[in-house]
1. Suppose R0 equals 22 Å; then what is the FRET efficiency for residue 147 and residue 194 from their Cβ-Cβ distance, rounded to the nearest 0.05?
2. Could you check the spin-label model distance between residue 246 and residue 97? Points 7 Å from the Cα along Cα→Cβ, value in nm.
3. Pull out the extension gain between residue 178 and residue 28, defined as 0.36 nm times the separation in residues minus the alpha carbon to alpha carbon distance; nm, one decimal.
4. Measuring from label point to label point, each 7 Å out along Cα→Cβ, what is the residue 131 to residue 216 span in nm?
5. If you stretched the chain out fully between residue 90 and residue 69, how much longer would it get, using 0.36 nm times the residue separation minus the C-alpha to C-alpha distance?
6. Report the calculated FRET efficiency for residue 123 and residue 237 (r = Cβ-Cβ distance, R0 = 22 Å), to the nearest 0.05.
7. Listing 116, 139 from the residue with the fewest other Cβ atoms within 10 Å to the one with the most, what is the order?
8. Starting with the highest mean, order 29-42, 91-104 by the number of other Cβ atoms within 10 Å, averaged over the residues of each peptide.
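Please treat every number below as a calculation from the coordinates, not as lab data. Just so we're clear, the structure is a prediction, and the values are computed from it rather than from any experiment. Here the Cβ is made from the backbone with ideal geometry for all residues, glycine too, and neighbour counts use every protein chain on show.
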């Protein structure tokens, strides 16, 4: 039996990916900036979609840009956020079976949870969390590979290197030899969201890394270019349905999801 009254969450943030395993309170309506695999750790969850549709499922693959909410009844869940250059929607679906489509969302009845349970329950597991997640994502990549335009790769690389970078889209477009409209269309096609939404996701991911390193929310907000902690919290709530403070209160352990670079969380 899981005890959701104490901090229990395992959180890790890496380049192009983030992982949360643990209990959550209320999850409001929100829209992710990248695709996410959501799985109940102790049975089914309730997923609310636009139009008043509610679904009970063990897992769901939710593309970027899809508004949704969750009801968890105090049970823990695993959420894996992955940018499309790392794994496609169909690749994430490769981690489970018995999927059915509900609009753009995939609903699953069987999902491989072994790695998530190991990371959640074994206090020593974080020493190999990055390697385990890499193995899982390599398995996901045995499905259809996402095709991300190389020009987007370069823009994404620049944003990841400096989350505070507020270079206008038309400047990025000029550097890549395309029009602003063409680059906007590429973001919608390959990343699933507008450029602005993706940049917010990237900054939130980076700010969360800073906050997990022990700095307060104001310091985390300023480190990546948010005006203040309220601005950071508002954007966080819109993208994840919860506040950053509510997540940080639940954190019991912090994992490293990047082995290649020193910018990872420890």
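1. 0.70
2. 3.6 nm
3. Numbers: separation 150, 0.36 × 150 = 54.00 nm, distance 3.77 nm.
My answer for the length gained is 50.2 nm.
4. Here the answer is 3.9 nm between the modelled labels.
5. Roughly 5.4 nm would be gained on extension.
6. With R0 = 22 Å, the Cβ-Cβ based efficiency is 0.15.
7. Numbers: 116 24, 139 15.
By the 10 Å Cβ count, ascending, the order reads 139, 116.
8. 29-42, 91-104
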